[in-house]
Structures are given as C-alpha cells and as structure tokens.
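The structure under discussion appears below in the form of structure tokens.
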Amino acid sequence: MSILHVSSASGEHRLVASDGQSVRDLLDTTALRVRAACGGSGTCGACIVRFISGEVSPPTVAEYLKLTPEERAAGQRLACQLRIRGDVHIELEHPAPPSEWKSIVPENLAEITASRPELSAHRYGLAVDLGTTHIRLALWDRRAGKRIATRRGANPQGSFGADVLNRLEAARAHPEHAAELAASAREAIMHAVRDILARDIGEVTPMLAEIGEVLIVGNTAMLALLTGQGGEALLDPAYWQKKVEFQPVDRSAWQQPWHLPNARIVLPGPVAGFVGSDLVADLLATGLTDGPPGSLLLDVGTNTEIALWDGACLHVTSVPGGPAFEGVGIRHGMPAEPGAIYRVSRSSGGYACATIAGETARGFCGSGLTDAIAVLLADGCLKSSGRFAVSPGPEGYALDPANPATAITGIDVDAFQRAKAAIAAAMEVLLRQAGMGWGELRRLCICGAFGHTLDVGRAQSLGLLPPIDAQGVELHADASLAGGERALLSPDGAQRFAALTDTIKAINLSLIADYDEAYINHLRLRPIAGAPSP
Amino acid sequence: MLERIVKAYNEAVFETDKEAAFEVVEAALAGGLTAEDVVFKVVIPAVEEMMSNITKDPDANLAQHFMTAQIAAEVTEKMLLKFQQPPEIIGKVVMGTAHGDLHSLGKRIVMGCLKALMVDVVDLGVNVPAERFVDVAQAENAQVIAISAMMVHTATGENGASKVRRILHERGLEERIKLVVGGAPYRFDDGLYQTVGADAWAADGVNAGRIIVDLIRGIKKS
C-alpha cells in the first residue's frame, strides 16, 4: 500500500493506494474526481494531472498522442495512464465538477466471472442495490461479462428522514411526498447511470438504448417507496408476515423518463413485509446455502438482516440494530470515510487511533467504535454494565486527550450496547428456531461495509459476533450489489431469486415472546456464552 | 446480616450483574432469610432507590435501566414461588401496545418494575384493539390501563389511546380506570399524552412503575 498525496484547490489530501492502481481509478472512489470522457483508455485526454514526485509508471503511447512535449515537460500526465508504484505526489488543478457519485472501492467488489454470450442486442445491464442510506450500482456489458463501472452515492430520500419509518410516514401522510420519494430515488439511479456513461464510455444517449435490463434489489421499505405503492401496508403489522410484491405500476412510466426504451425492469420479490430482496441478493452472493449447516449471514446496515442456514431451511429475520454502526446516534460517529477511526490499539501508556486515509481523526466508524469499546473494556476503563469505572463526564473519554473527536461518551456505549444486543438476540432466536446452539455455528458471512475493517476477535469480546473460529469468518463488503450482479449475468437470475426466496422461513421478532428477554440478556458487554453442542 | 445482603445485592444491581444478584439471593435464603424478606426488604427498596436515582444519575444509561428492571422482575418472580402465602397485591394494571404497534420492550420493562412492586399485571401483548383494553380492565377490575406506543402513527392514531379514552367515557368508567401512555413519541412532545386523552405518561419504563403505583393508590383512596 502506498500513499497518493493530492494537492488541489480544496486542500491537501492523502489517499491510500494499492500498487499498480491508476491515479484515476483511485480518485474516482473519492470526491476528488478527474475530468473524464472515456473508460480510462487514454482516448479522451481529459484527465490531466501534474506529476510532482514519487514512483510511477512511464508515459504511455496514449499520453504521447494527447499531450504536447511542452505539457509533458511541465509534468502533465493522464491520470488514467499514470500508475502508482510507491508514494506519489500529484497536483490536480482542474477536477471534475463536484458530484454525489463515486466509484466503489475495488476491494469491496466481488469477483464475478459470468457472461451472457447469447445476447445479441441491448447487451448492457444495470444492477442496483437501493439502500436506505446509499445507492450502489454497477453497469455491465453482459455479453462480454465485463463490469464497466460502479457508483455509490447517497439516497436522496434521506431528506425525508434517515430512517425508514419517517419516510414511510411521510409517504402515508402526503401523496405528493410519496410521489416525490419515488421520483427522487429513480432520478438518482439515472444520474448515476448517466455519470457512468459520460465518464466511463464517453457516449450517453445512444448507449442508453443499449441497456437491456435494470435489476433493483432493496429492503421492502425502499421497494415500496420506489414503486410508490404499498408503503401504508408496511406500517400495518397484518402484512408483516405476508409475502409482499412491489412492481412498477406502469413500466413505460419508468422507461420514458429514464430514456431506457429497451430495458426490462426487474424487481425480484422481497421475502416478507420486513425482509427485502437485498437479503436474497446477499444469499446469492455468499452462496450461504452451499455451506455447512450452521452457516450464519449478517448484513449490518441501517437495518440488520440475519439468515441462518441449518442444512435444510433458511431462517431469516431483520432487526433495527444497525444505525449505531454507521455512526448514527454516536457523538463522534461517522461513516467509513477519510478521517474515520477504524482501528484502536494500545501504544505506550495510551491509545493509537488508525484512521481511513491516515487523516486527522474526525470520529469513529462502526469498526472503530467497536474497537474503542473493546479496548476500554479490556483495560477496565469500562465495566460490563456499560458504565465507565470513573465517570468521564458528558464530553466522554478521549482516546487521544489532544483530540476531542476521539472521545467515547456514556451515551455512545449505551447505543452500542442496544445495537449489539438486538443483533445477538436475533441470532439467538434464529438458532432456537433451528434447534441449534451457538457452538454449532461453522461459518459466518459478514456483509456490508461494516465488516471490512472489523477486528473479529474484539467484536466477539463484546458479544457482537458469536464465538466461532477465525477461519469460519468471511467478509463480503457489497454483497447485495454482488447478488444483483450475479442475477443480472444469469439467464435464470429471476428464477434463482424466487427459488431461494421459497426456502426461506421469515421470522418476525415482534411475535417471538422471548426475544425481549434475550435482548436484555445480551446488553452486557461480554462474549456470547457458547452453549455446548448437544 | 441484612445490611450486608442489601449492600451486596445493590452492588450487583448497580453492576447489572444478574448472576451475581442471584448468588446474593441464594446465599441470603441459605442463611435463613425468607423469600418474603428478600422481596420486601431487599428487592423493593432497591427498585425504589433505582426509581429515585434514575433522574439524578447522569451516567446511568438505557441499557442499564433495562437490565436492572429485568433483574428485579426475575428475582421477584422466583421468590414469589417460595412465598408461604400469596403476597398482598396493591392493585391491577391492564397493559399492552397500541393497535398497529409491535414494539414490546418498553412494556416489558414497566411490567418488570410493577411485578417487583407487587402490582398485578394483565399482559394483553402487542397490537391490542382499544375495545379489548377496556373490556379486560372492566372484567378484571383493574385500576389502570397502560398503553405503550413507539411510533407516531400508533401513538396518535384513532385506534390507539384516544379511542380507549372515548370508550372509557362512553361507559362511564373514567373515575374507576385511569389511562397512562408511554413510548418515544410522548417524549418528543410532552403535551402529547393530553392530546390523546391520557391521565399521565412516563418518560421511561422505571418511572412508569412509580406513576402507575401512584394512580392505583389515588383510585383506592377515593
């Protein structure tokens, strides 16, 4: 790993690069995007940066064609051709206009080798993971089996409320809000597609006609709001256990504003009123049912969805235990962005906080919060009850006394306890439904960005993750998107969704009498007691 | 000896250590204390102290309240089985979550405290129709109906507390049965309980116990 140092009008930025990565690919994952109008082949010549120092690849033919000798002598390079071979310093004088959309970091993408050689027309396809907080999507050349580009951006519905209930309530109360919520999500998807076509292909309108399929997965609330229907039913418990269907009322009303005349719009059905198609996509991406009995899947998002494969049946549920891990309700909580503390370790007499991109700590992302609480507990600063041994006051306990953004407050610990207890209790209920004990778990798939920087041992020490050998733990970052991509690239994608959905037994925790008791028992900060295998 | 037991028990509760609390109780029973003494001299004073501390202790968090209420409820439940004769119950509450609401946790915390305070609780579960609250309260001679609602639309909805109030009024029960509400929406707007026709509300599960006990005593006096 090397550091790319970027000087720009917005300031100095340090980014972590992998060896051989192009400057453009790296910058595309951040808010510092270069200008671009081709897929990084060097043909548009728009992505000019100035090389200052460091180890990089030599100029390519494309750069000789696009840059004059004077420009080259002044250090100008094409960011798509410039590969990072060590620590590098560049200047970005003319960045692309600011955009909501960034590329998904490559290590979060699943490796998928599949194609649809039988497709003769409309070879492009779009997979969309419509999340409560973020929208993630990938455009594929399905015929060639090539992922053209990905994007990740905020779900604009967030202006109606960060959580699902507020949005459903807004849609229920005012029909014009319902229409606005539906339109804003659909517009966002199209902005992202146009951004990909403009920057990664260099042609927009003709390419739109070549898109043959748009496959969208999401939680039930997102699907209801997107299709502008059924949101009211989701607020009514009578519908929670039932199978729900959300389909566009009029597909042409989507195709027209999208300018996608040839796109089939596919919304795989959700499992039940409270478990969406995003979970089924996770199952497709991880191959959970191909593993041994005792395989558990955990997708920590705004809602946390959990699936247990017992060898014959998939037991599935969903709990509202996620937002704390995305920084919601945490004093210095933040998403996993530059400046977020993702790891805490001991260092001479104090604590060292590792941050994303090595920037000055601005707060904690989910894994950093978990690490901080685990270290404070192990060192006796925190007690199992969640109380500090010595009250640090309302400002909290600063891991770095010189930086107030490294403080953990009592309220943060409380939010963490309640989130982890909800998840642990839900796992316990699923195990009970399957007649299994904690000791029988063999495989744990952690989906979502949360798992990416998580120290599994520390999460286990707090009772957030079950006791299971480290070899059995797998991290699948953007699994819902990967599942959607797999379905997009399979001629029977929709059937595979339906077949998995049919093996699922969805459990509504509100109807489980002892869930609350399990929840309270999991509030203490301690490892989950592994019940002995029968 | 009692003083030592009370101290050890309170310490265990403060640490939210259920296993330790049960160890103290078992040792106390082995040492000759009766189940009645455990409840009336150890558990109830601890619950009462917790209630008076809850607003004074800025470091106590929600998770700790849940755990302490659970300990009180479990210890009391276990001790009741060992009572020589049924304990004297101070009153009866009919409790459930509002129509359309499946959030049962708040209700559970209140129930835990009430049980420890010797209040009989009829649990109607979740998603309870308004008529049922009143029907059961009438049949059971309960003094209080307690409704938990965690979402704005279930707290203010026409099938929730407001409807219970209307039925109480229609049946002329308003002097005999009091209506209390609790849940997040009432915390965001502390006048909301009056809008929906409730007699009282509580900001947290532990204080709900105290408010309900006060209402029962008020009705029994009149």
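The values are calculated or read from the model by the stated rules, or taken from the named source; none is laboratory data. None of these values were measured; they are calculated from a predicted model. In this analysis, Cβ positions are derived from the backbone assuming ideal geometry, glycine residues included, and neighbour counts consider all displayed protein chains. Protein only, heavy atoms only, side chains kept; ligands, DNA and RNA dropped before computing areas. Shrake-Rupley method; radii C 1.70, N 1.55, O 1.52, S 1.80 Å.
Considering only B:Leu33, B:Ala63, B:Tyr193, the residue lying farthest towards the positive end of the dipole of chain B is B:Tyr193, judged by Cα position with unit charges set on Cβ. For the range A:337-407, the solvent-accessible area with a 1.4 angstrom probe is 40 square angstrom per residue. Residue pairs exceeding 31 angstrom between C-alpha atoms, taken from A:Lys383/B:Lys56; B:Lys18/B:Lys82; A:Lys146/A:Lys420; B:Lys107/B:Lys163: A:Lys146/A:Lys420. Here's the picture: charge each Lys and Arg Cβ at +1 and each Asp and Glu Cβ at -1 in the range B:79-146, and of B:Met79, B:Ile89, B:Gln143 the one pushed furthest to the positive end of that dipole is B:Met79.
Here the peptides B:186-195, A:217-226 are ranked by packing, the mean other Cβ count within 10 Å, and the order with the highest first is A:217-226, B:186-195. What does the charge count near A:Ala9 come to, summing +1 for each Lys or Arg and -1 for each Asp or Glu among other residues with Cβ under 12 Å from its Cβ? Counting the neighbours of A:Ala9, the net charge comes to -3.
When a/c is below 1.5 the answer is rounded, else prolate if a/b is larger than b/c, else oblate, so apply that to the range A:1-154 with a ≥ b ≥ c taken from the square roots of the Cα gyration tensor eigenvalues. Since a/c reaches 1.5 and a/b is larger than b/c, the shape of the range A:1-154 is classed as prolate.
Helix B:161-170 and the long axis of chain B differ in direction by around 70°, with both axes built from C-alpha atoms. Interface between chains A and B: roughly 2400 Å² of accessible area buried, both sides summed (probe 1.4 Å, protein heavy atoms only). For a paramagnetic label modelled on A:Ala498 (point 7 Å from Cα along Cα→Cβ), amide N atoms under 17 Å away belong, within the range A:279-295, to A:280-281.
What shape does chain A have by the C-alpha gyration tensor, where a ≥ b ≥ c are the square roots of the eigenvalues, rounded means a/c under 1.5, and otherwise prolate means a/b greater than b/c and oblate the rest? In terms of gyration-tensor shape, oblate. Within straight cross-link reach of A:Lys505, meaning Cα distance under 12 Å, which aspartates and glutamates are found once same-chain residues fewer than 8 apart are removed? Those aspartates and glutamates meeting the cut-off are A:Asp310. Listed as lacking a disulfide-compatible partner in chain A: A:Cys47, A:Cys80, A:Cys313, A:Cys353, A:Cys365, A:Cys381, A:Cys445, A:Cys447, by the criterion of no other cysteine Cβ under 4.7 Å. Considering the zone a paramagnetic label at A:Arg526 would reach in this model (a point 7 Å from Cα along the Cα-to-Cβ line), which residues of the range A:459-477 have amide N under 14 Å from it? Residues A:461-464 fall inside that zone. Averaged per residue, the range A:81-223 has 41 square angstrom of accessible surface, using a 1.4 angstrom probe with ligands and nucleic acids left out.
Relative to the dominant Cα principal axis of chain B, helix B:18-30 is inclined by about 60°. Here chain A is scanned for GluC sites (Glu not before Pro) in DSSP loops (not H, G, I, E, B) that have at most 12 other Cβ atoms within 10 Å, and the longest stretch holding none of them is A:246-394. Heavy-atom accessible surface of B:Lys41, to the nearest 10 Å², is about 100 Å², with a 1.4 Å probe and all protein chains retained.
Using only the Cα atoms of chain B, build the gyration tensor, take square roots of its eigenvalues as a ≥ b ≥ c, and label the shape rounded, prolate or oblate: rounded if a/c is under 1.5, else prolate if a/b is larger than b/c, else oblate.
prolate
Derived value for the range A:401-534: Kirkwood hydrodynamic radius 17.2 Å. Basis is the mean of 1/r over every pair of different alpha-carbon atoms.
Compute the accessible area per residue over chain B, keeping the other protein chains in place, probe 1.4 Å, unit Å².
Roughly 45 Å² per residue, with all protein chains present.
Between A:Glu245 and A:Ala378, the distance separating the two model label sites (each 7 Å from Cα on the Cα→Cβ line) works out to 5.3 nm. Under 17 Å of direct C-alpha separation, and excluding same-chain neighbours fewer than eight residues apart, B:Lys220 reaches these lysines: B:Lys92, B:Lys178. Among the residues of the range A:162-206, those with an accessible-area drop of 30 Å² or more from chain alone to full protein complex, heavy atoms and 1.4 Å probe, are A:Leu165, A:Glu169. Compute the long axis of helix B:62-80 from its Cα atoms, compare it with the longest principal axis of the Cα atoms of chain B, and write down the angle in degrees, 0 to 90, nearest 10. Between helix and principal axis, roughly 70 degrees. Divide the volume of the convex hull around the Cα atoms of the range A:2-92 by the residue count and you get 85 Å³ per residue.
Model label sites at B:Asn141 and A:Thr113, defined 7 Å from Cα along the beta-carbon direction, differ in position by 7.9 nm. For the protein assembly as shown, with all protein chains present and a 1.4 Å probe, just round the carbon and sulfur fraction of the accessible area to a whole percent. Percent of accessible area from carbon and sulfur atoms in the protein assembly as shown: 52.
Per-residue extension of 0.36 nm, minus the Cα-Cα distance of A:Ser252 and A:Ser53, leaves a gain of 66.3 nm for this segment.
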